[in-house]
Amino acid sequence: MDNFEVIIVGSGIAGLTTAYFLQKDFPNLTYKIIEARSDLGGTWDQMKFPGVRSDTDMYTYGFSFNPWDGPIIGQGKDIKKYLNDTAVKFNIRKNILFDTKVTSFAWNNNQWITKTNQKDFISKYIICCTGSRDYKYPNFPQFKGQDKYKGEIVHTQDWGNTECKDKNVAIIGSGCTAVTMTPAVVKEAKKVTLIQRSPAWIVNVNGKETSTRLHKTFETLIDYFHSRLFKASYKKKVISRYPYYNETNVPSYDYWDQRPACSLDHDYFIALKTNKVSVEHQEVSSWEENGIKLKNGKVIECDLTIMATGLNAQLLGGIDIFVDDNKISINNTSWYRGMMFSGIPNFFAHTGYINFSWTARCEIVSQRISRTLAYMKKKNLTTCTPKYVGKKSKPAIEANYVLRAIDKFPNRSYKFHNANYLLEYVIFKYTRINDGVVDFK
Ligand SMILES: Cc1cc2nc3c(=O)[nH]c(=O)nc-3n(C[C@H](O)[C@H](O)[C@H](O)COP(=O)(O)OP(=O)(O)OC[C@H]3O[C@@H](n4cnc5c(N)ncnc54)[C@H](O)[C@@H]3O)c2cc1C
């Protein structure tokens, strides 16, 4: 079995950030990144649907240690290239083992054994960078009569080589993905029908805007807290800013209950005005041979149906975890600072923000992991294990994909301020590592 001090699982933004800080803080440390896919980038390697791009500004979504120098909103393929360039620039790519899927972690005798579909590894620590969603099974609503439908059905997570050219396309969904892909699909398709059960908040980003990381950090967070403190007036302000909103498409949920979708240089609003596009605010009833039947009885004829219906949330890549031969149920754990789990020694995991850049949290968590390892090295300690303490867990957002998977998340959380980057920045950097909640041995 190959032996490394740290095993990192996943080579998306979280995996690359983790590797960067480990290398910087511990030049002699040995680590390996294990990646199930054939290339790095995670989300940005997988998502290939037309128009795929960031919703967050790239000033904060790019790495602080390798600033992004492109436009404010990054296109999917450019983000993928940027991640690869970063991995090459910092000699991280050579430490990634591709096409290797981790199946289980087992802690015994003060070490981890990571089992994969290729070979097994021994390590002192695990850092799980497996993202937040199920890579295999996205959210795919089932409607009656799917066998009848003669057209093609594709989910945005599994785009493959799907073509929209000259097709009658139906897009089911109203979130960020539907909003970013619509303008790109409209350019190719003969006709596009958007089927939206419930409208989403959509705001515009000026593609020419230039800014700085610091400015964008404060601007985004002030906007977020303003919208949470003065919910009604903030909603009114957004509605008055965009002629798009009318009595049929004002969302029923509060602004920032979910990440708002972003239109770039009004591209979504412009696409809606073309005579190729129509919008149905209706639920789907069933499939028909030639299309989709809505609950009001109307049939939308389409030869391609795009499911922009989102993801299924999943923590820790669905990997089985055993501690001293006992299988861990994550639902019975407490989430320590959103980066460790009670009862699981020497095990860290990343998750990001919904109201701010994912990368920003990966960086502060990675720095906290480095501080923890440095503390343990200095004191000659072998294990760090959080205790089962904290409050009953509350989801950071009431998005359906989180609520659907709530029983797979920890039932308690301790000092996890999952909507407050500035607070976490200060806490992670300046509070004591041995805070009485993590058991160091
Ligand atoms: C279309 C889209 C747009 C987005 N836009 C934004 C945005 O603008 N701003 C923002 O903050 N966030 C955005 N997000 C959220 C996005 O997921 C995160 O920003 C970020 O890319 C997640 O990085 P990650 O490294 O944590 O996880 P991922 O990118 O999901 O990478 C996880 C990696 O782990 C690997 N893995 C998983 N399980 C295993 C296993 N068992 N064995 C081996 N490898 C495994 C996967 O193959 C994958 O490569 C967007 C998401 C999508 C889908």
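Only residues that are at negative phi and part of a loop (DSSP other than H, G, I, E, B) were counted across segment 60-109, and they come to 16.
Filtered by the rule that a residue be surrounded by fewer than 16 Cβ atoms within 10 Å (Cβ to Cβ) and within 12 Å of Thr359 (Cβ to Cβ), segment 5-34 gives no residues.
Filter segment 156-171 down to the residues that are buried (at least 19 other Cβ atoms within 10 Å of the Cβ) and within 16 Å of the ligand (Cβ to nearest atom) and list them by number. Correct list: Thr156, Gln157, Ile171.
Of everything in segment 110-120 that's within 12 Å of the ligand (Cβ to nearest atom) and in a strand (DSSP E or B), which residue is surrounded by the most Cβ atoms within 10 Å (Cβ to Cβ)?
Only one residue fits best here, namely Thr114.
Taking the criterion of being buried (at least 16 other Cβ atoms within 10 Å of the Cβ) and either within 16 Å of the ligand (Cβ to nearest atom) or more than 25 Å from the chain's Cα centre (by Cα) (or both), the residues of segment 245-266 that qualify are Tyr245, Asn249, Trp256, Gln258, Arg259, Pro260, Ala261, Cys262, Ser263, Leu264.
Quick check on Thr309: is it closer than 26 Å to Tyr59 by Cβ, in a loop (DSSP other than H, G, I, E, B) and at pLDDT below 95? For Thr309, the condition - closer than 26 Å to Tyr59 by Cβ, in a loop (DSSP other than H, G, I, E, B) and at pLDDT below 95 - is not met.
Residue under question is Ile126, and the condition is that it be more than 14 Å from the ligand (Cβ to nearest atom), outside any loop (DSSP other than H, G, I, E, B) and either touching a residue at least 40 places away in the same chain (Cβ under 8 Å) or crowded, with 17+ Cβ neighbours inside 10 Å (or both); does it hold? Taking the combined requirement at face value, the residue does not satisfy it. When Tyr401, Tyr375 are checked against the criterion of being assigned to a helix (DSSP H, G or I) and buried (at least 17 other Cβ atoms within 10 Å of the Cβ), Tyr401 stands alone in meeting it.
The values are calculated or read from the model by the stated rules, or taken from the named source; none is laboratory data. Please read these numbers as outputs of a predicted model, since none were measured by experiment. Every residue, glycine among them, receives a Cβ derived from its backbone with ideal geometry; neighbour counts consider all protein chains shown.
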